[in-house]
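> This is the structure, below, for whatever I ask next.
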Amino acid sequence: MTAGGGGSNRLLTPEEVAAWLKVSEITVKNKYRSWGIKAQKVGRLLRFRERDIVAYLEENYG
């Protein structure tokens, strides 16, 4: 585990994040900025680091 609350550097698709958070993929794409989740661009594709999702969940729903 790392100091940020855990999680890995594995990149997740918006679809994977949506399934994890039990919301739609469109919700993830529209709300990640307001939720304060950092996204990575891989070319034109949006990706999220697993550790950033874990940190978001711990900070907000911990």
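The values are calculated or read from the model by the stated rules, or taken from the named source; none is laboratory data. Quick caveat, the model's predicted, so the values are computed rather than measured. When we count neighbours, we look across all protein chains shown, and the Cβ atoms used for this are built from the backbone with ideal geometry, even at glycine. The area values use the complete protein model at the heavy-atom level, side chains included, leaving out ligands, DNA and RNA. Shrake-Rupley method; radii C 1.70, N 1.55, O 1.52, S 1.80 Å.
> Find all pairs meeting these conditions: Cβ atoms under 9 angstrom apart; at least six residues apart or on different chains; first residue within the range 5-25 and without any contact (Cβ under 8 Å) to a residue 12 or more places away in the chain; second residue surrounded by fewer than 17 Cβ atoms within 10 Å (Cβ to Cβ) and part of a loop (DSSP other than H, G, I, E, B).
Here the result reads Ala18/Ser24; Glu25/Thr13, each pair linking the range 5-25 to a residue that is surrounded by fewer than 17 Cβ atoms within 10 Å (Cβ to Cβ) and part of a loop (DSSP other than H, G, I, E, B).
> Does Asn9 meet the test of being loosely packed, with under 13 Cβ neighbours inside 10 Å and part of a loop (DSSP other than H, G, I, E, B)? Steps first, answer last, please.
Details: loosely packed, with under 13 Cβ neighbours inside 10 Å: yes; part of a loop (DSSP other than H, G, I, E, B): yes.
Spelling it out, Asn9 is indeed loosely packed, with under 13 Cβ neighbours inside 10 Å and part of a loop (DSSP other than H, G, I, E, B).
> Somewhere in the range 19-33, is a residue among the basic types (Lys, Arg) and on the phi > 0 side of the Ramachandran plot?
To start, the set of residues in the range 19-33 that are among the basic types (Lys, Arg) comprises 22, 29, 31, 33.
Now restrict to residues that are on the phi > 0 side of the Ramachandran plot: 22.
Yes, that holds for at least one residue.
> Do you know which residues across the range 44-58 are in contact (Cβ under 8 Å) with a residue 40 or more places away in the chain and open to solvent by 70 Å² or more (accessible area, probe 1.4 Å)? Quick ask: steps written out before the conclusion?
Let us first name the residues in the range 44-58 that are in contact (Cβ under 8 Å) with a residue 40 or more places away in the chain, namely 49-55, 58.
Scanning the range 44-58 gives Arg51, Glu58.
> I would also like to ask the following. Assuming Lys41 fulfils every condition listed in (1) outside any strand (DSSP E or B); (2) free of Cβ contacts under 8 Å to residues at least 40 places away in the same chain; (3) open to solvent by 90 Å² or more (accessible area, probe 1.4 Å) apart from one, which condition is it?
(1)
> Turning to a different aspect of this structure: In the range 20-34, which residues are closer than 17 Å to Glu58 by Cα and in contact with a helix residue (DSSP H, G or I) (Cβ under 9 Å, 6 or more places away or on another chain)?
Scanning the range 20-34 gives Trp20, Leu21, Tyr32.
> So which residues in the range 21-38 are out of contact with any Leu (no Cβ under 9 Å at 6 or more places or on another chain) and open to solvent by less than 100 Å² (accessible area, probe 1.4 Å), if there are any at all? Walk me through how you get there before you give the answer.
So the first thing to find is which residues in the range 21-38 are out of contact with any Leu (no Cβ under 9 Å at 6 or more places or on another chain), and the list is 22-26, 30-31, 33-38.
Of everything in the range 21-38, those that are out of contact with any Leu (no Cβ under 9 Å at 6 or more places or on another chain) and open to solvent by less than 100 Å² (accessible area, probe 1.4 Å) turn out to be Val23, Ser24, Glu25, Lys31, Ser34, Trp35, Gly36, Ile37.
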